[in-house]
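Have a look at the structure below, then the notes.
The values are calculated or read from the model by the stated rules, or taken from the named source; none is laboratory data. As the structure is a prediction and not an experimental result, all values here were calculated from the model. As a convention, Cβ positions derive from the backbone with ideal geometry for all residues, glycine included, and neighbour counts pool all protein chains shown.
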Amino acid sequence: MCGIVGLFLKDHALEPRLGGMLGNMLEVMTDRGPDSTGFAIYSGDTNLNFKFTVRGKNLEGLQDALSKELGVSVGAIARDTHMVLSFPQTMADQARSWLAAERPDVAVIGGGHRIELYKEVGLPAEVVRRFDLPHMAGTHGIGHTRMATESAVTTAGAHPFSAGADQCLVHNGSLSNHRSVRRNLEREGLTFTTDNDSEVAAGFVTWRMREGDSLVKALESSLENLDGFYTFVVGTENGFAVLRDPISCKPAVMAETDQYVAFGTEYRALVGLPGIEKARIFEPEPARVYAWERH
């Protein structure tokens with residue numbers, strides 16, 4: 001099961017509506033994933049500050065404490081159990097180290113110049129409301145509604161998973177060799193916080209791009225190294241990509257117009273999009289990477 005949605009905007013005029021459109025798509029996928037819900041939004045902001053999305057039960061005072069540690073004024077936007085912290089990129093490692101040492105109760109779930117990542121246990125409508133997704137603007141976003149199969153129903157186990165700056169992945173399916181891939185990636189210096197096979201897939205793509213692969217090449221390498229049944233949607237700073245395994249037993253459909261590219265596990269996730277009646281509708285082919293990027 002599980003439901004995946006993705007939306008990449010070509011028309012800048014639609015950017016203020018991104019959150020509303022993505023939220024509607026997630027809610028339609030409720031019956032494919034009632035356990036937990038998550039999404040990543042990429043802003044069009046040209047601010048060069050680096051951002052961490054953090055999650056914790058008690059975030060009060062975190063902004064002030066981190067500002068004192070870094071010696072700069074840290075920006076902060078609080079949304080329910082999450083907070084987006086912003087600071088100069090040169091201080092990202094210092095900020096991460098301080099959080100790990102002084103606030104182990106706070107998890108860093110995403111980081112980059114444009115990505116903001118939110119996820120919680122609960123129905124899509126509840127999570128969309130809690131984080132006020134309809135009022136978020138941006139250039140593109142991806143989302144996931146989960147029906148747990150490989151690990152427990154927890155916030156940490158919800159999608160998207162992020163393993164690199166401005167990168168994240170959502171997944172429908174299961175990987176049969178994720179434990180051996182995890183061990184290999186750990187030898188390459190990657191760390192994992194859950195037993196979820198999807199986190200391993202996110203780590204693999206990040207590792208390949210760190211080694212110099214383009215997004216397309218990294219996903220093509222997944223076909224050779226990740227065994228199982230899967231559909232991946234990957235978000236990056238400049239775009240998003242889709243990949244289905246060679247058997248493609250998991251459903252997927254895409255729509256493209258002059259205004260956007262959209263992905264849904266089922267077509268009904270797309271029917272509320274503007275101009276959908278004129279879109280080119282197609283099913284992604286097996287073992288083929290589809291990617292759209294803004295340069």
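Annotation: Glu60 fulfils all but one of (1) out of contact with any helix residue (DSSP H, G or I) (no Cβ under 6 Å at 6 or more places or on another chain); (2) part of a loop (DSSP other than H, G, I, E, B); (3) in contact (Cβ under 8 Å) with a residue 40 or more places away in the chain; the unmet one is (3).
Of the residues making up the stretch 171-196, those that are part of a strand (DSSP E or B) and either over 11 Å from Leu226 (Cβ atoms) or touching a Gly at 6+ places or on another chain (Cβ under 7 Å) (or both) number 4.
Only one of these is among the aliphatic types (A, V, I, L, M), touching an Asp or Glu at 6+ places or on another chain (Cβ under 6 Å), surrounded by 16 or more Cβ atoms within 10 Å (Cβ to Cβ) and not in a helix (DSSP H, G or I): Val127, Val84, Val108, Val153. Name it.
Numbers: Val127 fails: not in a helix (DSSP H, G or I); Val108 fails: touching an Asp or Glu at 6+ places or on another chain (Cβ under 6 Å); Val153 fails: surrounded by 16 or more Cβ atoms within 10 Å (Cβ to Cβ).
Just one listed residue meets the conditions, Val84.
The C-beta contact set for the stretch 91-108 (first residue in the same structural domain as Glu60 (by TED's automatic domain parsing), second residue crowded, with 16+ Cβ neighbours inside 10 Å and among the basic types (Lys, Arg), distance under 6 angstrom, 6+ apart or interchain) comprises Ala107/Arg55. Here Ala158 meets each of (1) more than 28 Å from His295 (Cα to Cα); (2) touching a helix residue (DSSP H, G or I) at 6+ places or on another chain (Cβ under 8 Å); (3) buried (at least 22 other Cβ atoms within 10 Å of the Cβ) with one exception, condition (2).
State yes or no: is Ala137 closer than 19 Å to Ala202 by Cβ and in a loop (DSSP other than H, G, I, E, B)? Criteria not met by Ala137. Of the residues making up the stretch 147-179, those that are touching a residue at least 60 places away in the same chain (Cβ under 8 Å) and either within 25 Å of Leu9 (Cβ to Cβ) or not assigned by TED's automatic domain parsing to the domain that holds Thr191 (or both) number 12. Check whether at least one residue in the stretch 225-239 is more than 17 Å from the chain's Cα centre (by Cα), of a type in the set (A, V, I, L, M, F, W, C) and part of a helix (DSSP H, G or I), and report yes or no. Among the residues of the stretch 225-239, not one is more than 17 Å from the chain's Cα centre (by Cα), of a type in the set (A, V, I, L, M, F, W, C) and part of a helix (DSSP H, G or I), which makes the answer no. Number of residues in the stretch 210-238 that are free of Cβ contacts under 8 Å to residues at least 60 places away in the same chain and surrounded by fewer than 20 Cβ atoms within 10 Å (Cβ to Cβ) equals 13.
How many of the residues making up the stretch 274-288 are in contact with a Leu (Cβ under 7 Å, 6 or more places away or on another chain) and either part of a helix (DSSP H, G or I) or not assigned by TED's automatic domain parsing to the domain that holds Cys249 (or both)? Lay out the reasoning, then the answer.
Going residue by residue through the stretch 274-288, those that are in contact with a Leu (Cβ under 7 Å, 6 or more places away or on another chain) are 276, 287.
Checking the rest, the ones that are also either part of a helix (DSSP H, G or I) or not assigned by TED's automatic domain parsing to the domain that holds Cys249 (or both) come to 276.
So the count comes out to 1.
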